[in-house]
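Single-structure report; data block below.
The values are calculated or read from the model by the stated rules, or taken from the named source; none is laboratory data. Because the structure is a prediction, the values reported are computed rather than measured. Glycine gets a Cβ as well: all are built from the backbone with ideal geometry, and neighbour counts include every protein chain shown.
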Amino acid sequence: MLFRSLADDSGFICKCKNCLAVVDREGGESGLILEYINHVAAEIAKEYPEIWIRTFAYVSTEKPPKNVKPGANVIVQLCDLYGASDCYKPLLHPVNKERLELLASWRKITPNVFLWDYWYLCDRSVAPDLLVDSLYSDFNLFADMGLLGVFVEAED
């Protein structure tokens, strides 16, 4: 699997007239990235159809594009913005509504969704079983949604 994407809080994305037109048409930078990724994926598939290309939906690219859909051999890995959701409550909890809607919106345009989740374990004032309770609910949800997988970053 090849991996191409923006890095953490990358400030560089092309601002030329043509690229800005794509960003405008697609409602954000994810459309621009996916147009590029789809081109790379299509070229690679000609010779290596078993290869998948993975990219992040992260920071400026986390919102799905209006028109561009990920190619059949493209995996979109949605990265939960650190602190954007409450990891001590399930995604089905109202406080996490926006993050759940974001995940569902990617799942609507492609079956190839992978999740990068953050488990914030540093808050000693919160009982660890709260995280475990939310994980049980979340992993059942991820299975029901048909996610390809989950990568977890946990810090302590």
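The set of residues in region 75-87 that are surrounded by fewer than 21 Cβ atoms within 10 Å (Cβ to Cβ) and in contact with a helix residue (DSSP H, G or I) (Cβ under 9 Å, 6 or more places away or on another chain) comprises LEU81, ALA84, ASP86.
Residues of region 77-97 that are of a type in the set (A, V, I, L, M) and in contact with a Lys or Arg (Cβ under 8 Å, 6 or more places away or on another chain): ALA84, LEU91, VAL95. Cβ-Cβ contacts under 6 Å between residues 6 or more apart (or on different chains), taken from a first residue in region 21-36 that is among the hydrophobic types (A, V, I, L, M, F, W, C) to a second residue that is surrounded by fewer than 22 Cβ atoms within 10 Å (Cβ to Cβ) and not in a helix (DSSP H, G or I), are listed as LEU34/VAL68. Count of region 37-49 residues, restricted to those that are within 27 Å of LEU103 (Cβ to Cβ) and free of Cβ contacts under 8 Å to residues at least 12 places away in the same chain, is 1.
Of the residues making up region 53-72, just one is surrounded by fewer than 21 Cβ atoms within 10 Å (Cβ to Cβ), of a type outside the set (D, E, K, R) and closer than 21 Å to ALA143 by Cα, namely ALA72. Has region 45-64 got at least one residue that is acidic (Asp, Glu) and modelled with pLDDT of 95 or more? There is at least one residue in region 45-64 that is acidic (Asp, Glu) and modelled with pLDDT of 95 or more.
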